[in-house]
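Read-outs throughout are calculated quantities, based only on the coordinates presented, and are distinct from any laboratory measurement. For clarity, every value in this text was computed on a predicted model and none was experimentally measured. Neighbour counts run over all protein chains shown; Cβ positions are idealised from the backbone, glycine included.
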Amino acid sequence: MTGKIIELGYMGLSVSDGDAWRKFAGDIIGMQVIEEEEEDRYYLRMDEWHHRIVVHTDGDDDLAYLGWRVAGQPELEEVAVLLEQNGVEYRVGSEEEAQERKVLGLLKLEDPGGNPTEIFYGPRVDSHNPFHPGRPMHGRFLTGNQGIGHCILRQTDDDAAYKFYSMLGFRGSVEYHLPLPNGMTAKPIFMHCNDRDHSVAFGMGPMPKRINHFMVEYTDLRDFGITHDKIRQEARDVALTLGMHSNDRALTFYCANPSGWLWEPGWAARKAIDAQEYYVSDIFGHDNEAEGYGMDLKMKCD
Ligand code: MBD
Ligand code: FE
């Protein structure tokens, strides 16, 4: 039985340089930027949803919140019961809070790492307004029943985080054993709630921000390649070069976004597998380049 959460539906980002983010997310990544005459925020579209990302221009340069979707009101109530049974504090979002997120209903809570977490149902889908990418694209962003992508979050207690996301129905566990410079072994945990190989991961050690990176996937290799060209032309920091992960088999690279954390454009990930495996190396590439983004571990064995 899979859980109640069906996708990573939306994300809120707090940024200090709204214009730099417009250029990054729109011109380089290809998201549609929409403004709604609100001074403190604008929106990024990736498909027919009203938005997938809210950019709050209040200056924290970190993740503001994650929005996990359930199918409907009964499922939201079931999740509320589950949270109560497991002693997790939450509150039911008010009508205004639901309107602010453009959803029909939501719960607000924190994950064990203190990451603001929202569980919602009923997103506003603007099917009357076709998705229009911020730059010409051959294909689309891969969303649908796989959600918007995946993120690596800060946790202080990986076991507690594993229990929390398992309680919500996510599956997964340690998927890599990677040697660290200090002689220890990193054992990051990857968890999925739908066909996307992982929607959330953690266990990369202490992090300065709530989020290390967000992965966004293109359906067409050409769009991935164009993004890579643009990042290289602008000489933006690349923390991990082009390469392929062993778990999701996606072709990806990691570049710095205007808030100083990482964006992982990707292409052609395989679907989540049911039975657990672990790896000691990526397949090729993903060499360390720019340092200081929390990805200085060796992803590939020699
Ligand atoms: C990923 O998406 C990732 O970010 C890491 C570090 C390892 C495997 C897949
Ligand atoms: Fe990733």
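Assorted remarks:
- For a label point 7 Å along the Cα-to-beta-carbon line of ASP195, residues of region 235-258 with backbone N under 16 Å: 248-250
- Calculated [222 nm] ellipticity per residue, helices only, for the chain: -4500 deg cm²/dmol; basis is -39500 (n - 2.57) per DSSP H run with n ≥ 4, divided by all residues, nearest 500.
- Of LYS163/LYS187; LYS108/LYS271; LYS187/LYS300, pairs whose Cα-Cα distance is over 21 Å: LYS108/LYS271
- Dipole magnitude of the chain about its Cα centre (Cβ charges: Lys, Arg +1; Asp, Glu -1), debye to nearest 20: 820
- Listed values for region 119-131 are Karplus-derived 3J(HN,Hα) couplings in whole Hz (6.51 cos²θ - 1.76 cosθ + 1.60, θ = phi - 60°), namely 10, 9, 9, x, x, 7, 10, 8, 5, 7, 10, x, 4, and x replaces Gly and Pro.
- Looking at region 203-302, the chymotrypsin sites (Phe, Trp or Tyr not before Pro) that sit in a DSSP loop and have at most 15 other Cβ atoms within 10 Å of their own Cβ are TYR278.
- Neighbourhood charge, 10 Å Cβ-Cβ cut-off, centred on TRP49 and excluding it, Lys, Arg +1 and Asp, Glu -1: +1
- Other residues whose C-beta falls under 9 angstrom from the C-beta of GLY203 contribute a net charge of 0, scoring Lys and Arg +1 and Asp and Glu -1.
- Share of pairwise Cα-Cα distances greater than 17 Å in region 183-279 is 55 percent (whole percent).
- In region 1-108, the alpha-carbon atoms span a convex hull of 126 Å³ per residue.
- Expressed as a fraction of 2.2 N^0.38 Å, the C-alpha radius of gyration for region 130-237 is 1.27.
- Centre separation in Å (Cα based) which lies between region 178-237 and region 132-166: 10
- Electrostatic bookkeeping for GLY9 treats Lys and Arg as +1 and Asp and Glu as -1; over the other residues with beta carbon under 14 Å from its beta carbon, the sum is +3.
- Where the Cα pairs of the chain fall when distances are cut into 10 Å bins, in %: 6, 29, 38, 23, 5, 0
- All lysines inside 22 Å of LYS102 as judged from Cα atoms, apart from same-chain residues fewer than 8 positions distant: LYS4
- Taking label positions 7 Å along the Cα-Cβ direction at both HIS128 and CYS301, the computed distance is 5.8 nm, reported to one decimal.
- Estimated FRET transfer efficiency when R0 is 25 angstrom, pair ASP237-ASP19 (beta carbons, to 0.05): 0.85
- Interchain or long-range residues, amide H under 5 Å from GLY147's placed H: none
- Extension gain for GLU289-LEU221 works out to 22.2 nm (0.36 nm per residue, less the C-alpha to C-alpha distance).
- Using a Förster distance of 25 Å, the FRET efficiency for ASP40-LYS209 (Cβ separation, nearest 0.05): 0.75
- Comparing mean-square fluctuations of ASN247, ASN194, ASN86 from a GNM of the chain with C-alpha springs under 10 Å, the top value falls on ASN86.
- Efficiency of FRET between SER281 and THR156 - r from beta-carbon atoms, R0 25 angstrom, step 0.05: 0.35
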